[in-house]
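J.: Can you read through this structure? Questions will come right after.
The values are calculated or read from the model by the stated rules, or taken from the named source; none is laboratory data. Note that the structure is predicted; figures quoted are calculated from it, not measured. Virtual Cβ from ideal backbone geometry, glycine too; neighbours counted across all protein chains shown. Each accessible area value is taken on the protein alone, full model and side chains, heavy atoms only, with ligands, DNA and RNA left out. Shrake-Rupley method; radii C 1.70, N 1.55, O 1.52, S 1.80 Å.
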Amino acid sequence: MEGDAESKSRLRTRSYLEGLSLMKQGAEARVYRGRFLGKNAVIKERFPKAYRHPTLDGKLTHKRTAQEVRSILRCRRAGISAPVVYFVDYVSNCIYLEDIEESTTVRDYILSMQQSGKETSSLNALAEKIGQVLGRMHDEDVVHGDLTTSNMLLRPPCDDLNLVLIDFGLSFISALPEDKGVDLYVLEKAFLSTHPNTEETFRLLLQSYSSTSKKSGPVIKKLDEVRLRGRKRSMVG
């Protein structure tokens, strides 16, 4: 009976998702936009992996879904802006989230500022804001796992710098400075490759992070170690 109920639940979810607009599909999940309980929503579906044993796949997918939700809720409880979680379907591994309407990615905002030629003061303020948010996030022991300027949104109006962190699909909870240092290293690599000539901007971001986070000392030290390892790998090839 329990298996029948799960099968029917999956069929209902599948029917519902097929009526929505597919925003993007990655290796781990599909992301849809639609309506849920009368609200505009983003629905993230972690789909089964055919190359894994079904039992193992089910356990891993459930764990990743739970970790993602836990990270979002921990951020929100700490006053860090992240999408509201409306509902979690652990049968179909779907997370129903607030749609941050009319938002702009930090990536697009930076590109527009650079193209306008008026980016210096705006980017400095944005860097300080990002550093503050990430410092508070890491103090809550949330490691994002995929920090890029595409996974940060600005609610309108953008100049108010109301920053929202999204896509916690690779996130986890850890108090280790190593994990947080790697988190910052991932952002640094993504930031400087996507936005050339912003080394000073990222330096200000780290400065803001250090002044905000109560645990920043060991994290920045680990970031320096990770950078060194990365350079050594590049030299070896």
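J.: Rank Ala127, Val106, Val142 by how far each Cα sits towards the positive end of the charge dipole of the chain (+1 on Lys, Arg Cβ; -1 on Asp, Glu Cβ) and give me just the farthest.
T.: Comparing the listed Cα positions along the dipole, Val142 ranks first.
J.: How large is the Kirkwood hydrodynamic radius of segment 1-96, in angstrom, based on all distinct alpha carbon pairs? Could the numbers behind the result be given before it?
T.: Working: mean 1/r = 0.0697 Å⁻¹.
Value: 14.4 Å, from the Cα pair sum.
J.: Work out Dmax and Rg for the chain from the C-alpha atoms and quote the Rg first, both in angstrom.
T.: Spelled out, the Cα radius of gyration and Dmax of the chain are 19.2, 64 Å.
J.: With an 8 Å Cα cut-off and a minimum separation of 6 or more residues, compute the relative contact order for the chain in percent.
T.: Worked out over the chain, it gives 18 percent.
J.: Would you rank Glu18, Glu6, Glu102, Glu188 by solvent-accessible area, highest first, keeping every protein chain in place and using a 1.4 Å probe?
T.: Output order, biggest surface exposure first: Glu102, Glu18, Glu6, Glu188.
J.: Treating only the Cα positions of segment 77-147 as identical point scatterers, give the base-10 log of I(q)/I(0) from the Debye formula at each q in 0.14, 0.20 Å⁻¹.
T.: -0.64, -1.05
J.: In Å², and per residue, what accessible area does segment 104-230 have when probed at 1.4 Å with the other protein chains present?
T.: On the way: 5600 Å² over 127 residues.
Per-residue accessible area for segment 104-230 comes out at 44 Å².
J.: Still on this structure: Report the Cα centroid-to-centroid distance between segment 144-212 and segment 40-72 in angstrom, as an integer.
T.: Their Cα centres are 24 Å away from one another.
J.: Could I ask something else about it? Would you mind checking the pairs Lys24/Lys129; Lys39/Lys189; Lys49/Lys129 and listing those with alpha carbons more than 31 angstrom apart? Write down the numbers at each step before the final one.
T.: Details: Lys24/Lys129 28 Å; Lys39/Lys189 36 Å; Lys49/Lys129 38 Å.
Beyond 31 Å between Cα atoms: Lys39/Lys189; Lys49/Lys129.
J.: Using a 1.4 angstrom probe on the protein heavy atoms only, could you order Tyr32, Tyr51, Tyr16 from most to least accessible area?
T.: Working: Tyr32 15, Tyr51 170, Tyr16 70 Å².
Accessible-area ranking of Tyr32, Tyr51, Tyr16, largest first: Tyr51, Tyr16, Tyr32.
J.: Explain nothing, just compute: Karplus ³J(HN,Hα) = 6.51 cos²θ - 1.76 cosθ + 1.60, θ = phi - 60°, for every residue of segment 95-112 in order, whole Hz, x for Gly and Pro.
T.: 10, 9, 10, 4, 8, 7, 5, 6, 7, 10, 5, 4, 4, 5, 5, 4, 4, 5
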